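The structure appears below as structure tokens.
The values are calculated or read from the model by the stated rules, or taken from the named source; none is laboratory data. Just so it is clear, the structure is predicted and the values come from calculations on it, not from any experiment. Neighbour counts run over all protein chains shown; Cβ positions are idealised from the backbone, glycine included. Protein only, heavy atoms only, side chains kept; ligands, DNA and RNA dropped before computing areas. Shrake-Rupley method; radii C 1.70, N 1.55, O 1.52, S 1.80 Å.
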Amino acid sequence: MLHSTLAASIPNQLPEPDIAEVIRWRDSSYAADLYIAAVSWLDLFTYLDEAPATEAALRSHFQIKERPTRTMIRLFESWGLLSNVDGNLRATASARRYLSRNSSENISSYIATMKYKSSVREIYDVLRLDAPDTWHVERGDTTNWDALMQTDDFADLNTRGMEERGRIFAPDLARLLDCSQDTAVLDVGGGSGVYSAHLLNRYPNLSATIFERPPVDQLAMQCLAERKLPAARARVIAGDMFVDPFPKTASLHLYSHVLHNWGPEKVRLLLEKSYQSLLPGGRVAVYSCHPDDRGGHPAPIAEAEYSVLLTTGYEGCCYSFEDMRSLMEGVGFQHVDYRRSICNRSLITARKLANSPG
Ligand SMILES: C[S@@+](CC[C@H](N)C(=O)[O-])C[C@H]1O[C@@H](n2cnc3c(N)ncnc32)[C@H](O)[C@@H]1O
């Protein structure tokens, strides 16, 4: 009796976070810093309160670079601080009310009290310089992700992280990506091989090649051995995806969380290489976080926030569906398709023509 009285007096338990939320706290970690930088270092919303501006005008006025500017615009559209009407960016009523110095209710100085926070300074530098050197690792001189990934300790830490994330995402990728007609997948920048492993489990006629740069190739080999995948079905090729040729035996190329690390020129180069080396009628599959902008809607908040992290620490961003479609069709792929996955991820596939000479 006493117990039931006590239980009744305990307030309702708050809902616990799901995996999407647990991942989002990490993926969104730079978004607030970009907001503080834009309000404090740029005073963006006072400027837009005075007159709407195009993206190009914004870049020229603030002397900021194209890639981070686009990421910033997508973030503020998703948060309801900016609207884009025919290419003209306007501060919304809330942004004008609270974030423009022309408003008696503005709190810009309150936000600017955080302007010297180191990650806010970093992201302001990214806006101005587009040089994503923000990986602070105590040992070593470099803070560039690409260089760090070629050192043993960092490659190990990063690959473990990607493996853990992959254990959550890979079953869903294997569900979404029908490989029943495929014979061989090339998993470009495949990390530990976790996505390939799940595809192999689901599709018994499939074999997989993980294409990885040293030292991650060695980690991939260890992981495949631990998974007890037979050598006839899973192997690793060491190489630089930008430089070394791809084998011409795969009907499917998988890029999971790879293209979003790079700018459009390098993405185009990789897609072009895939198009040339895939078997006729083969497909490319890109798995990451891709805002679905087919209806002209702003990116969902979680996806716009993750793009800030990618813009800050890497050369890339979250490419939207239309970004990817244009890149894929630009090198010859057709039938570009979009499927939603879990945790704000999505899968974009496209096909090489069966009679293509490439
Ligand atoms: C963000 S991780 C993604 C790993 C895995 N595909 C996943 O989804 O978890 C990017 C991978 O690309 C690999 N990579 C980066 N540059 C590369 C290059 N030039 N050639 C081959 N692999 C590269 C890295 O070693 C890393 O494993």
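Let me know the longest stretch in the chain that avoids all chymotrypsin sites (Phe, Trp or Tyr not before Pro) found in a DSSP loop with at most 11 other C-beta atoms within 10 Å.
The longest uninterrupted stretch comes out as 117-241.
For the stretch 299-343, what ratio Rg/Rh do Cα atoms give with a Kirkwood hydrodynamic radius?
Ratio value, two decimals: 1.03.
P(r) for the chain, please, calculated from all Cα pair distances in 20 Å bins and given in %.
Once binned at 20 Å, the Cα pair distances of the chain give 27, 51, 20, 2.
Give a quick list of trypsin sites (Lys or Arg not before Pro) in the stretch 209-294 that DSSP marks as loop, anything other than H, G, I, E or B, with at most 14 other Cβ atoms within 10 Å.
Here the trypsin sites (Lys or Arg not before Pro) that fit, given the DSSP loop and packing criteria, are Lys228, Lys248, Arg294.
Solvent-accessible area per residue for the stretch 147-351 at a 1.4 Å probe radius, Å²?
So the stretch 147-351 comes to 39 Å² accessible per residue, rounded to a whole number.
Rank Ser180, Val243, Cys317 by how far each Cα sits towards the positive end of the charge dipole of the chain (+1 on Lys, Arg Cβ; -1 on Asp, Glu Cβ) and give me just the farthest.
Towards the positive end, the residue furthest out is Ser180.
Taking 0.36 nm per residue of separation and subtracting the Cα-Cα distance, what length does fully extending Ala51 through Gln63 add?
Gain on extension, Ala51 to Gln63, equals 2.6 nm.
For the chain, what is the calculated [θ] at 222 nm in deg cm²/dmol (nearest 500), taking -39500 (n - 2.57) for each run of four or more DSSP H residues and dividing by its residue count?
Estimated from H runs of four or more residues: -13500 deg cm²/dmol.
For the Cα atoms of the chain, what angle does the longest principal axis make with the long axis of helix 264-277, in degrees from 0 to 90, nearest 10?
20 degrees
Quick one: helix 216-226 against the long Cα principal axis of the chain, what's the angle to the nearest 10°, folded into 0 to 90?
Between helix and principal axis, roughly 60 degrees.
With axes computed from alpha carbons, what is the tilt in degrees of helix 66-78 against the longest principal axis of the chain, rounded to the nearest 10 within 0 to 90?
Once rounded, one gets 70 degrees.
Can you count the Lys pairs in the chain with C-alpha separation below 24 Å, eight or more apart or on different chains?
Step by step, the pairs that qualify in the chain add up to 8.
Under the Kirkwood approximation applied to all pairs of distinct alpha-carbon atoms, what is the hydrodynamic radius of the stretch 19-131 in Å?
14.3 Å
From the protein chains alone at 1.4 Å, what is the descending order of accessible area for Asp18, Asp86, largest first?
Asp86, Asp18
Would you mind telling me the share, in percent, of accessible area of the chain contributed by carbon and sulfur at probe 1.4 angstrom?
53 percent
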